[in-house]
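Right, one structure below, let's go through it.
The values are calculated or read from the model by the stated rules, or taken from the named source; none is laboratory data. Everything numeric here is computed off the predicted structure, so don't read it as measured data. As a convention, Cβ positions derive from the backbone with ideal geometry for all residues, glycine included, and neighbour counts pool all protein chains shown. For accessibility, only protein heavy atoms count, side chains too; no ligands or nucleic acids. Shrake-Rupley method; radii C 1.70, N 1.55, O 1.52, S 1.80 Å.
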Amino acid sequence: MASLSQIDKDRMKELLRLECNYSFDDNVMDSFLDNGSILSLQRGQTLIHAGETNHDIYFILEGITRHWYWNGDREKTAFFSQEGTMLISYHSYYFDKESFYSIEACCHTRIICIKREVFDKFVADSHDFAQWCLSMAQCQIFFFEMKNRVIAGSAKERYISFLKNRPKILNQVPLKIIATYLDVTPQYLSNLRKKNL
């Protein structure tokens, strides 16, 4: 793991400003990010494994991840995360339980890792940081709800909505993974793509 450069810190702050509505204090966020280290993941490499406990906090600096789980005997992609997103195993962080989701890189991805102890200290010591965390949590809840509104209907309607709302993912993530998100077969998804909808 490598330390963050000033360029990485500035990029992360810009992404976090775009991610939620709260305007955090630059000095507080600089101090927080000074505690981070960079992880570089290749496509298919796992950040958090289902069934393991992981208390740390992660932020996507560059790339795309997916949260997936086993649904019977097949993989189900629950959602994707892009640059600026905060990643946490909520089972591990809040209840010290094994992670339900595996979080995996869908393409070359750079992630900032912050240890839980550091994160918790900033929440306890900085009102501004705690306000920002609340705003990030509300933003994530909004996106969970939006996913259910946007990815609904028939398989074709789900694909068209995905194409309209998440084109970057469609261009960078393998079709077989997108198929597990849309609940279609890779062959069906391939046929839809050929139709140029």
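Annotation: E83 fulfils all but one of (1) surrounded by fewer than 15 Cβ atoms within 10 Å (Cβ to Cβ); (2) farther than 15 Å from D56 by Cβ; the unmet one is (1). Take L134 and tell me if it is part of a helix (DSSP H, G or I), more than 29 Å from S23 (Cα to Cα), of a type in the set (A, V, I, L, M) and out of contact with any Pro (no Cβ under 9 Å at 6 or more places or on another chain). No; evaluated as a whole, the condition is false for this residue. Looking at V123, V118, just one residue is open to solvent by 50 Å² or more (accessible area, probe 1.4 Å), within 25 Å of I88 (Cβ to Cβ), modelled with pLDDT of 95 or more and β-branched (V, I, T), and that residue is V123.
May I ask you to say which residue of E62, E14, E19 is within 19 Å of F122 (Cβ to Cβ) and open to solvent by 30 Å² or more (accessible area, probe 1.4 Å)?
Values: E62 fails: within 19 Å of F122 (Cβ to Cβ); E14 fails: within 19 Å of F122 (Cβ to Cβ).
Exactly one of E62, E14, E19 is within 19 Å of F122 (Cβ to Cβ) and open to solvent by 30 Å² or more (accessible area, probe 1.4 Å), namely E19.
Exactly one condition in (1) open to solvent by 80 Å² or more (accessible area, probe 1.4 Å); (2) in contact with a Cys (Cβ under 8 Å, 6 or more places away or on another chain) is false for E145; which is it? Failed condition: (2).
Go through the range 155-197 and report how many residues are among the hydrophobic types (A, V, I, L, M, F, W, C) and in a loop (DSSP other than H, G, I, E, B).
Here the count works out to 3.
Any residue at all in the range 37-53 that's under 16 Å from Q131 (Cα atoms) and touching an Asp or Glu at 6+ places or on another chain (Cβ under 8 Å)?
Here is the first cut: in the range 37-53, the ones under 16 Å from Q131 (Cα atoms) are none.
Checked against the condition, which is being under 16 Å from Q131 (Cα atoms) and touching an Asp or Glu at 6+ places or on another chain (Cβ under 8 Å), the range 37-53 yields no hits at all.
Among the numbered conditions (1) open to solvent by less than 80 Å² (accessible area, probe 1.4 Å); (2) out of contact with any Leu (no Cβ under 9 Å at 6 or more places or on another chain); (3) closer than 25 Å to G51 by Cβ, the only one that K97 does not meet is (1). Across the range 31-39, a minimum of one residue is classified as of a type outside the set (K, R), open to solvent by 10 Å² or more (accessible area, probe 1.4 Å) and within 23 Å of Q172 (Cβ to Cβ). Scoring A152 on the criteria (1) open to solvent by less than 50 Å² (accessible area, probe 1.4 Å); (2) in a helix (DSSP H, G or I) leaves a single failure, condition (2).
Going residue by residue through the range 96-103, is there one that turns out to be outside any loop (DSSP other than H, G, I, E, B) and basic (K, R)? No, the range 96-103 contains no residue that is outside any loop (DSSP other than H, G, I, E, B) and basic (K, R). Can you tell me which residue within the range 176-187, out of those that are out of contact with any strand residue (DSSP E or B) (no Cβ under 7 Å at 6 or more places or on another chain) and surrounded by 15 or more Cβ atoms within 10 Å (Cβ to Cβ), is nearest to T65 (Cα to Cα)? Out of the qualifying residues, it is I178.
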